[in-house]
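The values are calculated or read from the model by the stated rules, or taken from the named source; none is laboratory data. Just so it is clear, the model here is predicted, and its values are computed rather than measured. Note that we place each Cβ from the backbone using ideal geometry, even for glycine, and neighbour counts take in every protein chain shown.
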2 protein chains.
Amino acid sequence: MHHCYFNGNIMPADEVKLHHTDLGLLRGYGLFDYFRTYNGKPFQWDWYWERYERSAKLLRIPNPIDKEKAHEVVMKLIGLSGLSDCSFRFVLTGGYAHDSMSMKEPNLMIISEDLHANIPHEYETGIKVITYEFVRDIPEIKSTDYKHLLILQPDIKAAGAQDVLYHKNGDISELSRSNVFIFKNDVLITPDENALKGITRRTVLELAKPHFKIEIRPVSLQELLNADEVFTTSTTKRVLPITTVDDQKINGGVVGKNSKFLLGLINDLIKNW
Amino acid sequence: MHHCYFNGNIMPADEVKLHHTDLGLLRGYGLFDYFRTYNGKPFQWDWYWERYERSAKLLRIPNPIDKEKAHEVVMKLIGLSGLSDCSFRFVLTGGYAHDSMSMKEPNLMIISEDLHANIPHEYETGIKVITYEFVRDIPEIKSTDYKHLLILQPDIKAAGAQDVLYHKNGDISELSRSNVFIFKNDVLITPDENALKGITRRTVLELAKPHFKIEIRPVSLQELLNADEVFTTSTTKRVLPITTVDDQKINGGVVGKNSKFLLGLINDLIKNW
């Protein structure tokens, strides 16, 4: 059974409730982070922790837990879950405010969750995304602000797509919850601006370094549409090919060899994590 | 004692708690509205309701209550409060989602609250605001997204200011939770773009019409700094003069006669509401 660490106490996840004056709820003043374990061990724990702390600092929400204690909590929650691997969600908000404005004590939840179920055939066929002109507010922070994605859900479904690719002023930035890469002439290219720097993005860049020339720079939507391969990276997706953008096929709609190669590298890393 | 209508049930406000999977909390997928009563009667109820419904429609969250029922709830909550006048907060979120993404049933809360306490001398001296380059995401929707205001709170306090004025590309839009107007040569001017259209803004425009030439158009920050008078309008503030912007005094730091006149008009309207 999944449990949740809530401000110092561990309780069944189903029982965790927040008072309606929570600033995350009333004012969108909250952040989260999300990672998973492989072989019972948190994947890239140091990097996720670093990002969580950075989000808290930039949002100016005091982080009430230190790294060692948080790791201890995570390991305890895996044990309580009875599962060999879990996902974990950290949610940190501005806490309760009876005047709906003044922060006193933050609320921190660390919740174990079932692993996200991937759809195997998507790795064979690639996914479809729609495009949308938008940049997330303070994109470098993993805030809880995903309202645009929720608003766009019916449009994504109506298009038979799996996700949305954001672009602005001609340049792409990220998908709704994952990063984007392209291959052109065996050069791996990914944008750096207006995107949350994903931990899987960082992992892929490190894995790719010995094998490909890498360019981290602005990428136009046009360049993406003309790429040899396009893929997205995230904790749950690892390296997932994108073969259709709106109604246009990338590389004739066929998953490319470099994307497969990178997926293989990350799968190897995970196997022995 | 304040009570809350929560998905059909009325309970003491202190007891209202939401499960941590609420999409308002996890994904910032929520909206609110806020109004008050005068003489026990909701002020501009028709206009607030219209805005609430519009926010829900634009965020694509189904509104689970109709206008008559909502009014009935509001009147019941005033009765339960034992107070002659209250504020009311409607909060509508995407509801609980165990996958943290898929909306099923929304969560609606209607909460009675104490009236916001105004500071009388601010009407005599005017307030100070700091400026910040920013446009709210989907500003026409009263979403729960106020993270920038929360982030800026320490800066506002450090400047000895009461609020923040947003501007972008040279033009002003709104304060953190209220609209902005200027007077120049007895012409009343207010921006129309990138701002939530406040109900008090609408009320003031209606009250001012017989007395002043009105211009609704882009207003530059420079124009505001050179204005004869600046004031802000909101449910809690009514017509509140702004006499200092960053370190610059407006009109020598003295509250102007037209602002006082408009405050008088709205006070008269309220008296007989």
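Does the stretch B:125-149 hold any residues that are within 22 Å of B:Phe88 (Cβ to Cβ) and either free of Cβ contacts under 8 Å to residues at least 40 places away in the same chain or more than 14 Å from chain A (Cβ to nearest Cβ) (or both), and which are they? If the condition is that a residue be within 22 Å of B:Phe88 (Cβ to Cβ) and either free of Cβ contacts under 8 Å to residues at least 40 places away in the same chain or more than 14 Å from chain A (Cβ to nearest Cβ) (or both), then B:Tyr146, B:Leu149 are the ones that fit.
When we screen B:Glu105, B:Glu122 for residues that are over 24 Å from B:Asp33 (Cα atoms), more than 8 Å from chain A (Cβ to nearest Cβ) and modelled with pLDDT of 95 or more, the only hit is B:Glu122. Would you be able to say whether some residue in the stretch A:62-69 is in contact with a helix residue (DSSP H, G or I) (Cβ under 8 Å, 6 or more places away or on another chain) and within 24 Å of B:Ser176 (Cβ to Cβ)? The answer is yes; a qualifying residue exists. Checked against the criteria, B:Val180 does not count as within 14 Å of another protein chain (Cβ to nearest Cβ), buried (at least 20 other Cβ atoms within 10 Å of the Cβ), under 18 Å from the mean Cα position of the chain (by Cα) and assigned to a strand (DSSP E or B). Of all residues in the stretch A:19-34, those that are surrounded by fewer than 23 Cβ atoms within 10 Å (Cβ to Cβ) and part of a strand (DSSP E or B) total 4.
For (1) among the polar types (S, T, N, Q); (2) over 22 Å from B:Tyr34 (Cβ atoms), each residue gets a yes or a no:
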position	(1), (2)
B:Asn118	yes, no
B:Pro139	no, no
B:Lys142	no, no
B:Gln153	yes, no
B:Ile156	no, no
B:Asp171	no, yes
B:Leu175	no, no
B:Val187	no, yes
B:Asn194	yes, no
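Taking every residue in the stretch A:41-59 that is within 13 Å of A:Lys197 (Cβ to Cβ) and pairing it with any residue that is in a helix (DSSP H, G or I), at least 6 positions away or on another chain, the pairs with Cβ-Cβ distances below 6 Å are A:Gln44/A:Ile199; A:Trp47/A:Ile199; A:Tyr48/A:Ile199. Screening the stretch B:54-149 for strands (runs of 3 or more DSSP E) wholly inside it with 3 or more residues that are more than 30 Å from B:Val245 (Cβ to Cβ) and either out of contact with any Lys or Arg (no Cβ under 9 Å at 6 or more places or on another chain) or polar (S, T, N, Q) (or both) returns the ranges B:87-93, B:107-113.
Taken as a whole, the stretch B:155-166 holds at least one residue that is in the same structural domain as B:Thr203 (by TED's automatic domain parsing), β-branched (Val, Ile, Thr), over 15 Å from the mean Cα position of the chain (by Cα) and part of a helix (DSSP H, G or I). For the stretch A:1-38, the candidate set comprises residues that are more than 7 Å from every other protein chain (Cβ to nearest Cβ) and of a type in the set (Val, Ile, Thr); within that set, the residue that is farthest from A:Arg60 (Cα to Cα) is A:Thr37. Annotation: B:Asp155 fulfils all but one of (1) farther than 30 Å from A:Leu115 by Cα; (2) within 9 Å of chain A (Cβ to nearest Cβ); the unmet one is (2). If only residues of the stretch B:163-177 that are surrounded by fewer than 22 Cβ atoms within 10 Å (Cβ to Cβ) and within 12 Å of chain A (Cβ to nearest Cβ) are counted, the one that is farthest from B:Ala227 (Cα to Cα) is B:Arg177. Please verify whether B:Gly8 is surrounded by fewer than 20 Cβ atoms within 10 Å (Cβ to Cβ) and at positive phi, treating the condition exactly as stated. Against the criterion (surrounded by fewer than 20 Cβ atoms within 10 Å (Cβ to Cβ) and at positive phi), B:Gly8 qualifies.
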